[in-house]
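The values are calculated or read from the model by the stated rules, or taken from the named source; none is laboratory data. Everything numeric in this text was worked out from a predicted model, so none of it was measured. Every residue, glycine as well, gets a Cβ built from its backbone with ideal geometry; the counts of neighbours run over all protein chains shown. Protein only, heavy atoms only, side chains kept; ligands, DNA and RNA dropped before computing areas. Shrake-Rupley method; radii C 1.70, N 1.55, O 1.52, S 1.80 Å.
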Amino acid sequence: MDFDLIFVAGLIAAAFSVPTIIAALTDKRKPRLGLLLLVAGLGGAAYAVYTDPETYTVEAIPDVFVRVVGTYIN
């Protein structure tokens, strides 16, 4: 299992959930999908950090992104 991919996908999903939540709140709707996406994204990132806490630090996040992009584009 590629924990780098899980970590990056979780962070991207959490980032995409923010505009969804804001749009739902401005339309006076409940942000169900945004919150689900946020929980799933942060859960995936937390799972990757839980399995290997030394690899996923704040300073290492750009390196992990580059490693994932390099792996799957190359």
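When segment 1-34 is limited to residues that are part of a loop (DSSP other than H, G, I, E, B) and either among the acidic types (Asp, Glu) or touching a Pro at 6+ places or on another chain (Cβ under 7 Å) (or both), the one that is most open to solvent (accessible area, probe 1.4 Å) turns out to be 27. The set of residues in segment 39-62 that are over 12 Å from residue 7 (Cα atoms) and part of a helix (DSSP H, G or I) contains only 39. Kindly indicate whether any position in segment 55-67 is charged (D, E, K, R), open to solvent by 60 Å² or more (accessible area, probe 1.4 Å) and at positive phi. Checking segment 55-67: not a single residue is charged (D, E, K, R), open to solvent by 60 Å² or more (accessible area, probe 1.4 Å) and at positive phi.
Close contacts from segment 58-69, counting a first residue that is in contact (Cβ under 8 Å) with a residue 40 or more places away in the chain and a second that is in a helix (DSSP H, G or I), with Cβ to Cβ under 7 Å and a gap of 6+ residues or different chains, come to 64/4; 64/7; 64/8; 65/8; 67/4; 68/4; 68/5; 68/8.
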